[in-house]
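A.B. asks: Here it is, the structure in full.
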Amino acid sequence: MDLGILDARLSEAEEDEGPENSTRNDITAALASATLAGSFCSSHKADGTSNLTPALPSQAGLCITSIGDVPLPLLPQQEKRIKSSKVSQLLNDECWQNTWSIDASKLTSKNPSWEVSVGNLAKSVAYKFVIRPNDLRADMNMLLYMEAGSRVDWCIDDEDSDEFVGVMYIQLPSAFTGGEANIFFGQNEDEGVTETFDLGAGGEAQFACHYLAHFADCEYCFEPILTGSRVLIRYSLMYQGRGPTPSARLLQESISPLRWAFGNLKPMDRMVLYPLCRKYSSCQLIRRGLSALSRDHRSKAEAILSSSPGWTLLIVNCKLVHKEETGFYGEMIKSSKSNSVLGVYDVEGRNVSAAEKPFLRDALDFTSAARNHSGVDPGMILTTNEGVALGDLWGSSSLTSSEERYYGGHNKTYSYNATFLLAYDSNYRDVEFECLKGEAGTSKIAASIVSFRDYGLFERLATMLESKHKCVLNTNSCQVLLEFLLRSRVAKDKRISFSTKVIEGLSLTAEPNEILYSTILTLCSKLQCAAQMASCISLLLQNSKRKKDRDLSVFLLRADFLLKFNRLDSSSLSLQTLVINDMKSSKRRVESSCTINELIYALISTHGAHAVAAVVRETLSFLSRHHSSNISVVAIMDRASLISKMNEEHSFAFLADSFNRFANEFSSMIRGMLVPSFATYLAGENKRLGLKAISWVLEHGNDRAFDNLGKWIAGSENETRSLVTALSSESEASGTLALSILNKCAVQQRSEGYGWSTTFEDALGRSPPSVPPSLHTRIFLAEFPGITSKRDSVGRVTLHYAVDKKETPFDTIHRVLESFPRAASILDPVTKLYPFMQAGMNSQVDATFSLLLKNPSLVAGVHCNHTTNKRKRSPSMDL
């Protein structure tokens, strides 16, 4: 059974608007103005086990005139003697029922430490009442004996002295049950506060002394004693200081703003740090607890304790390491801070570090609560100034290291050690404060929600996700909670509300994966809530921090999600706005080009070419903008594969621009870092795609692209041979491509660089001292005999291309001419010049002379053609 159904129905009713919430800054202000911020009553066991209360001797050495020494707890015969003694009297009071009293003048203590211990106890009570310890005196009034049936009805104490401020009862070791004490202060029962103390009844009371103190203007009563008897010594608390006489009324007026500030904090803010601006040693804290603090710090601690019932107050020793990097002139270049918790102690001095440090490590925020930056949660430290200096919070620092940088300036490290008062509401420790740990904490909460189907816990998590930037979900937690809502049977509106908060709570550093996107789509479809979810999904995809430095594949997944989502909601979300424009950012990257291709193919298969044309166009444009010389050969060839497939299957109009960009960028890249890699690629199983990429350079590239490709070919014997081998192995159109490569790219270049061996010999059989510039051309000519005699698509032969550039080495022209001598007599159909003319125009004297030697008659033929138009062209001038 889904127990959440009942919980969801109950929460559908509109709740009454509660009181205005307070903030940590309200606590800061209230603490500063609370001059009397303590408790109106106090009680504890006084055996020394608590550092907050000094020990009273368990053996008081009580002696009563006419009775003698009185052992404690009382024996039956002593009880009878007290009631029958002439020094005792039954109180004739309508409030004190069945109680006997003995005046203080009849009492003595044979224990010499008793009076000193009582004086120390009075000082401890003074701290609770926010009175200077030396300004409070305890005067003994009487001994009170109560037995079974004794009780005190509601009453109030009053004495004639102006110094009288309250009453303190010391309960001597007694064996009894019942008899609880109730202390009340307030104008009426609805607005007042009642504190109840059992004073160790039925247990510790018979082994140790206990005390109870309260202000004089408080009402009090004692419940009837059920069994046994108790002995109390009543003391009047007398104020000896200056100024108004302290009272519960004054304390309440002073503390009301502080109590309101603590009581109305939002659940996620119920943890505060108060800086003491100095460090108390662990030895001090363990030995004395709160008593180790200075009077001012102790008063702040008592104010927090009295104003935050149900909260836990701890003393925390912390360390801050501040690193600074300064420049040559002392200017700040970089600064960083790191905090750590050294020790945690409760108010009585017990070391609770083992239990608390793991919890506090990630929950504490050592920044000012006054911080008010957009998008940043205020901190926990109670200060009035968000820009407060470190020294004002942490006290003095010590320079732990200083290094001089080699180019000037210093690297300095400062250490701060300080003590803080930490207060938090224990009711919110396991949920709200766990969420402050970020993804680690919310993961535990999410798992608990699913395991126990706890919708109340889900509501608390949702509230935290809305309120705190530190409370975020990772992708897995988001996925788990959405799947839980898919299976849930709570009301539809409730599920939609939860789903929205879960999606909005996804960490800004987390990007939804394909599974999470699919779950969101399933949820929108099942609940028919795509229109209601559109806003939170838009925020999810628009957040700039989440998009920063993301891989291109992220945006392709987003495109797939949006196209599917728009089927549910009639295209309410703009693909252009939420995906395509983001792909234009210069801060994107590509980790796997193969993945990019697969995603594009999947998009087209799922949504159709027309729907994703804009995505394909921007993907190719992105890959073009982000090319670099050190890109891998696999990446550039994956891009070639994508262009090829798009051209073959879909013929997008924008592919013409993609071909042009690829041609120029590819030639530039292979000339750089890809030199050995692309040669290896041509030797592999994908050589056909490599040759296709080269063909695009020849078809769509510019002169610079031809030059880059030529330099790559001529740069190494390995590159030339790998290309020639690949061309030879591809029978289809390999000759045409080889001719085009040779004509447009290769013959113009020089074979140079460390990638060439000097195994070629000159015409006389001698090894040249340096690399001949035509070695790469020779390899082409050797692999493709007769290639220089073939005309290309415009009717030119290789020699025409060789003499068309003045950079072409004479050795190359000579080799081309030797392989096809008749080319010297073929008119260039493009320039309308013979090869020797073009060589002469490019100042290639040696080439011009060699070309003329092949057919000297060309000079006479040209002269005749230019002087008369009657003479026919010599047959030798034709091919």
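A.B. asks: Among residues belonging to segment 684-693 that are of a type outside the set (D, E, K, R) and within 47 Å of the chain's Cα centre (by Cα), point out the one that is most open to solvent (accessible area, probe 1.4 Å).
C.D. replies: That would be N686.
A.B. asks: Return the pairs, sorted by first residue and then second, in which the second residue is hydroxyl-bearing (S, T, Y) and assigned to a helix (DSSP H, G or I), the first residue lies in segment 648-673 and is crowded, with 20+ Cβ neighbours inside 10 Å, the beta carbons are less than 7 Å apart, and the residues are 6+ apart or on different chains.
C.D. replies: Pairs that qualify, where the first residue is crowded, with 20+ Cβ neighbours inside 10 Å and the partner is hydroxyl-bearing (S, T, Y) and assigned to a helix (DSSP H, G or I), are E665/S624.
A.B. asks: Which of the residues spanning segment 772-800 are surrounded by fewer than 24 Cβ atoms within 10 Å (Cβ to Cβ), among the polar types (S, T, N, Q) and in contact (Cβ under 8 Å) with a residue 12 or more places away in the chain?
C.D. replies: Listed by number, the list holds a single entry, S789.
A.B. asks: Another one. Determine if segment 606-627 includes at least one residue that is part of a helix (DSSP H, G or I) and farther than 26 Å from D549 by Cα.
C.D. replies: Scanning segment 606-627 turns up at least one residue that is part of a helix (DSSP H, G or I) and farther than 26 Å from D549 by Cα.
A.B. asks: Need pairs with beta-carbon distance below 7 Å; first residue under 19 Å from R546 (Cβ atoms) and within segment 561-582, second of a type in the set (D, E); sequence gap 6+ or separate chains.
C.D. replies: I580/E618
A.B. asks: Does I64 satisfy the criteria of being of a type in the set (V, I, T), at pLDDT 90 or above and either open to solvent by less than 70 Å² (accessible area, probe 1.4 Å) or within 21 Å of V167 (Cβ to Cβ) (or both)?
C.D. replies: Details: of a type in the set (V, I, T): yes; at pLDDT 90 or above: yes; either open to solvent by less than 70 Å² (accessible area, probe 1.4 Å) or within 21 Å of V167 (Cβ to Cβ) (or both): yes.
So I64 fits the description; yes.
A.B. asks: Of the numbered conditions (1) over 32 Å from the mean Cα position of the chain (by Cα); (2) at pLDDT below 90, H627 satisfies every one except a single condition; which is it?
C.D. replies: (1)
A.B. asks: Those residues that are under 21 Å from N660 (Cβ atoms) and without any contact (Cβ under 8 Å) to a residue 12 or more places away in the chain, I need them from segment 675-726; list them, please.
C.D. replies: Kept after step one, since they are under 21 Å from N660 (Cβ atoms), are these residues of segment 675-726: 678, 689-712.
Passing the criteria: only D703.
A.B. asks: Hey, P809 hits all of (1) touching an Asp or Glu at 6+ places or on another chain (Cβ under 9 Å); (2) within 23 Å of V845 (Cβ to Cβ); (3) of a type outside the set (D, E) but one; which does it fall short on?
C.D. replies: It is condition (1) that P809 fails.
A.B. asks: Now a separate question. Any idea which of A261, A201 is farther than 30 Å from C318 by Cα and in contact (Cβ under 8 Å) with a residue 24 or more places away in the chain?
C.D. replies: Every option except A201 fails the conditions.
A.B. asks: Search segment 395-422 for residues being part of a strand (DSSP E or B) and in contact with a Cys (Cβ under 8 Å, 6 or more places away or on another chain), and hand back the single one that is farthest from S368 (Cα to Cα).
C.D. replies: N417
A.B. asks: Working only within segment 451-481, note down all residues that are open to solvent by 30 Å² or more (accessible area, probe 1.4 Å), hydrophobic (A, V, I, L, M, F, W, C) and at pLDDT 95 or above.
C.D. replies: Result: V480, single match.
A.B. asks: Considering only segment 1-28, how many residues are of a type outside the set (S, T, Y), open to solvent by less than 60 Å² (accessible area, probe 1.4 Å) and modelled with pLDDT of 85 or more?
C.D. replies: Going through segment 1-28 one residue at a time, the tally reaches 3.
A.B. asks: Oh, and also: Going by what's in this entry, would L342 be described as modelled with pLDDT of 90 or more, open to solvent by 50 Å² or more (accessible area, probe 1.4 Å) and within 24 Å of the chain's Cα centre (by Cα)?
C.D. replies: Values: modelled with pLDDT of 90 or more: yes; open to solvent by 50 Å² or more (accessible area, probe 1.4 Å): yes; within 24 Å of the chain's Cα centre (by Cα): yes.
So L342 passes the test.
A.B. asks: Pull out all pairs, ordered by first then second residue, where Cβ-Cβ is under 8 Å, the residues are six or more apart or on different chains, the first lies in segment 223-245 and is without any contact (Cβ under 8 Å) to a residue 60 or more places away in the chain, and the second is surrounded by 15 or more Cβ atoms within 10 Å (Cβ to Cβ).
C.D. replies: Pairs found: P244/L250.
A.B. asks: Taking only pairs six or more apart or across chains, which ones have beta-carbon atoms under 6 Å, a first residue in segment 67-81 that is in contact (Cβ under 8 Å) with a residue 24 or more places away in the chain, and a second residue that is open to solvent by 60 Å² or more (accessible area, probe 1.4 Å)?
C.D. replies: Between residues of segment 67-81 that are in contact (Cβ under 8 Å) with a residue 24 or more places away in the chain and residues that are open to solvent by 60 Å² or more (accessible area, probe 1.4 Å), the close pairs are P73/Q206.
A.B. asks: Find the residue count for segment 714-736, including only residues that are in contact with a Ser or Thr (Cβ under 6 Å, 6 or more places away or on another chain) and closer than 24 Å to I643 by Cα.
C.D. replies: Qualifying residue count, segment 714-736: 1.
A.B. asks: Something else: Among the residues of segment 172-186, which ones are open to solvent by 10 Å² or more (accessible area, probe 1.4 Å) and farther than 15 Å from I225 by Cβ?
C.D. replies: Of everything in segment 172-186, those that are open to solvent by 10 Å² or more (accessible area, probe 1.4 Å) and farther than 15 Å from I225 by Cβ turn out to be F184, F185, G186.
A.B. asks: Right, another one. Given segment 202-259, what strands (runs of 3 or more DSSP E) lie entirely inside it while holding 1 or more residues that are open to solvent by 20 Å² or more (accessible area, probe 1.4 Å) and closer than 25 Å to C95 by Cβ?
C.D. replies: Output list reads 219-222, 225-239.
A.B. asks: Has segment 304-318 got at least one residue that is exposed (fewer than 12 other Cβ atoms within 10 Å of the Cβ) and in contact (Cβ under 8 Å) with a residue 40 or more places away in the chain?
C.D. replies: The answer is yes; a qualifying residue exists.
A.B. asks: Filter segment 801-851 down to residues that are open to solvent by less than 80 Å² (accessible area, probe 1.4 Å) and part of a loop (DSSP other than H, G, I, E, B), then give me how many there are. Before the answer, list the steps.
C.D. replies: If we filter segment 801-851 for residues that are open to solvent by less than 80 Å² (accessible area, probe 1.4 Å), which is where we start, we get 801-804, 808-809, 811-817, 819-821, 823-829, 831, 833-840, 842, 844, 847-848, 850-851.
Applying the additional criterion that residues be part of a loop (DSSP other than H, G, I, E, B) yields 804, 808-809, 820, 826-829, 831, 833-834, 842, 844.
Result for segment 801-851: 13.
A.B. asks: Can you tell me which residue is modelled with the lowest pLDDT among those in segment 260-292 that are assigned to a loop (DSSP other than H, G, I, E, B) and open to solvent by less than 10 Å² (accessible area, probe 1.4 Å)?
C.D. replies: That would be L276.
A.B. asks: Would you be able to say whether some residue in segment 387-394 is open to solvent by 10 Å² or more (accessible area, probe 1.4 Å), in a loop (DSSP other than H, G, I, E, B), touching a residue at least 12 places away in the same chain (Cβ under 8 Å) and among the charged types (D, E, K, R)?
C.D. replies: no
A.B. asks: Mind listing whichever residues of segment 420-437 are buried (at least 18 other Cβ atoms within 10 Å of the Cβ) and closer than 13 Å to M268 by Cβ?
C.D. replies: Of everything in segment 420-437, those that are buried (at least 18 other Cβ atoms within 10 Å of the Cβ) and closer than 13 Å to M268 by Cβ turn out to be Y424, D425, Y428, V431, E432, F433, E434, C435, L436, K437.
A.B. asks: Now, a different point. Among the residues of segment 605-621, which ones are crowded, with 20+ Cβ neighbours inside 10 Å and among the hydrophobic types (A, V, I, L, M, F, W, C)?
C.D. replies: Scanning segment 605-621 gives V612, V615, V616, L620.
A.B. asks: Applying the selection to segment 852-879, what residues are open to solvent by 90 Å² or more (accessible area, probe 1.4 Å), over 23 Å from T808 (Cα atoms) and either at pLDDT 90 or above or in a helix (DSSP H, G or I) (or both)?
C.D. replies: Selection gives H863, H866, P875.
A.B. asks: Quick test of your reading of the structure: A531 fulfils all but one of (1) buried (at least 21 other Cβ atoms within 10 Å of the Cβ); (2) in contact (Cβ under 8 Å) with a residue 40 or more places away in the chain; (3) out of contact with any helix residue (DSSP H, G or I) (no Cβ under 6 Å at 6 or more places or on another chain). Name the failing condition by number.
C.D. replies: (1)
The values are calculated or read from the model by the stated rules, or taken from the named source; none is laboratory data. The structure presented is a predicted model; accordingly, all values stated were derived computationally and were not measured. As a convention, Cβ positions derive from the backbone with ideal geometry for all residues, glycine included, and neighbour counts pool all protein chains shown. Side chains included, ligands, DNA and RNA excluded: accessible areas come from the protein's heavy atoms. Shrake-Rupley method; radii C 1.70, N 1.55, O 1.52, S 1.80 Å.
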